[in-house]
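Below is one structure, written out as structure tokens; comments come after it.
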Amino acid sequence: MDPKPKGWRLVKIEGVPLAELTAKNWNQIKDFQARPDDVLICTFPKAGTAWIQEIVEMILHGGDSQKCDQLPIYQRSPFLDLFLPKPYLAGVKEAEEMPSPRILKTHLSAKLLPPSFWKQNCKIIYLARNIKDSAVSSFCFHQMTHLLPSPGDWNDFLENYIAGECTYGSWFDHVCGWWEAKDHYPILYLFYEDLKENPAQEIGKVARFLGVELPESVLSQIVQHTAFKSMKVNPMTNFSTLPSSILDHTVSSYMRKGTVGDWKEHLTVAQSERIDDICAQKLRDSGLIFRTQL
Ligand code: A3P
């Protein structure tokens, strides 16, 4: 018997499929009041959100890991568009109750972002990841979380993912929408693959964007603390503190592989080539280039 919720469905807001509870509470999200010193982290799901969250926290705490380790990552940076059934507090409420300066998280596309973030000219960090690894990571996450329905068959899942019939909609619209927005607002656009290849360099970019000067020794502490092998065993970053009714770590880990190119274990050659063709067509005008291996 499938233990996952049967009634779960996606509801479209401005054409973008969102979790039903998020869509039902859409006005609360739309009217959310950003503050000028908020730092917003945006990603399409499974792009390495927790990774960049921890990096930003470490930078703003001057590399003091003890400060970061006081609470699980999901309590330190509220997830604005997450609405869980009671007794959990909605992300927007958590954020409202939080003193400044706040680090906030969203998976919303640029076109759905609450307008106050643009008005307040908040600093935004966008982390993008290639579609093949994102799709595989998402499939595995659907298997282990009780917040989303079972992913079903991999081939069907992938087709829906490519077509944008999944939570937060089209990966293409998401990465392109934020890429375009970066020319008009203070947005640092990063790639998972670059972060993996050269974490010190990319963390340095984040620090400069946030106006923080990092001595070499602190930078290297941050690289160590946020490396996959460190975050995987740290209960404050590996989501193991969430109840198994939300994430079932016996099925898969939140910190699963943390690599570039794991898609090769899952996609057929035909699937991979089809995605390459679609990417070439859909990303052509944007100038966006994704690496799928290092
Ligand atoms: P995999 O499933 O491919 O392993 P998100 O936080 O957006 O849900 O993304 C989760 C993905 O980011 C998972 O990918 C996870 O392993 C990866 N990840 C998390 N922390 C990481 C880190 N420090 N280094 C590399 N990858 C990381």
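If you take the charge dipole of segment 1-154 about its Cα centre, with +1 on Lys and Arg Cβ and -1 on Asp and Glu Cβ, which of M98, L113, Y74 is farthest toward its positive end?
L113
Based on the Kirkwood radius over alpha-carbon pairs, what value in µm²/s does the Stokes-Einstein equation return for the translational diffusion coefficient of segment 136-197 at 37 °C and 0.692 mPa s?
Approximately 242 µm²/s, per Stokes-Einstein.
Along the charge dipole of the chain, Cβ charges K/R +1 and D/E -1, which of W178, F83, L219 sits furthest on the positive end?
Farthest towards the positive end: F83.
Using alpha-carbon pairs under 8 Å, 6+ residues apart, how would you state the relative contact order of the chain in percent?
Relative contact order comes out at 25 percent.
Using just the helices of the chain, give the 222 nm mean residue ellipticity in deg cm²/dmol: DSSP H runs with n ≥ 4 each add -39,500 (n - 2.57), and the total is spread over all residues, rounded to 500.
The helix-only estimate for the chain comes to -11500 deg cm²/dmol at 222 nm.
What's the carbon and sulfur percent of segment 32-282's accessible surface, probe 1.4 angstrom, rounded to a whole number?
Ligands and nucleic acids excluded, carbon and sulfur give 53 percent.
Any lysines with Cα under 30 Å of the K86 Cα? List them, leaving off those in the same chain fewer than 8 positions away.
Within the straight-line cut-off, K86 pairs with K4, K6, K12, K24, K30, K46, K67, K105, K111, K232.
With a cap of 15 neighbouring Cβ atoms within 10 Å, and only residues DSSP puts in a loop, list the GluC sites (Glu not before Pro) found in segment 7-69.
Passing sites in segment 7-69 are E14.
In Å², and per residue, what accessible area does the chain have when probed at 1.4 Å with the other protein chains present?
Heavy-atom accessible area per residue stands at 47 Å².
Could you give the size of the charge dipole of the chain about its Cα centre, using +1 on the Cβ of each K and R and -1 on the Cβ of each D and E, expressed in debye and rounded to the nearest 20?
Its charge dipole is roughly 360 debye.
For segment 187-294, which trypsin sites (Lys or Arg not before Pro) are in a loop by DSSP, counting at most 13 other Cβ atoms within 10 Å? Don't skip to the answer; put the middle values down first.
On the way: sites: K196, K205, R208, K229, K232, R256, K257, K264, R274, K282, R284, R291; in loops: R256, K257, R284, R291.
Within segment 187-294, the qualifying trypsin sites (Lys or Arg not before Pro) (loop, at most 13 other Cβ atoms within 10 Å) are R284.
Taking the Cα centre of each part, how many Å lie between segment 133-160 and segment 271-294?
When both Cα centres are located, 21 Å separates them.
Per residue, how much space in cubic angstrom lies within the convex hull of the C-alpha atoms of segment 16-73?
123
So how strong a dipole does segment 77-130 carry about its Cα centre when Lys and Arg Cβ are +1 and Asp and Glu Cβ are -1, to the nearest 20 debye?
It works out to roughly 180 debye.
Among residues other than P235 whose Cβ falls under 14 Å from its Cβ, what is the net charge (Lys/Arg +1, Asp/Glu -1)?
Local net charge: 0.
Given the C-alpha centroids of segment 32-58 and segment 203-240, what is the distance between them in whole angstrom?
Cα centroid to Cα centroid, the span is 14 Å.
Taking a ≥ b ≥ c as the square roots of the Cα gyration tensor eigenvalues, with a/c under 1.5 meaning rounded and otherwise prolate when a/b beats b/c, else oblate, which class fits segment 192-290? Numbers along the way, then the final one.
Numbers: a/c = 2.48, a/b = 1.17, b/c = 2.12.
Verdict is oblate for segment 192-290.
Volume per residue, Å³, of the convex hull around the alpha-carbon atoms of the chain?
Cα-based convex hull of the chain, divided per residue, equals 131 Å³.
How many nm separate the modelled label positions at N27 and K205, each set 7 Å beyond the Cα in the direction of the Cβ?
Here the modelled spin labels are 4.1 nm apart.
The values are calculated or read from the model by the stated rules, or taken from the named source; none is laboratory data. These numbers come from a predicted model, not from an experiment. Here Cβ is always computed from backbone atoms with ideal geometry, including for glycine, and neighbour counts include all displayed protein chains. Side chains included, ligands, DNA and RNA excluded: accessible areas come from the protein's heavy atoms. Shrake-Rupley method; radii C 1.70, N 1.55, O 1.52, S 1.80 Å.
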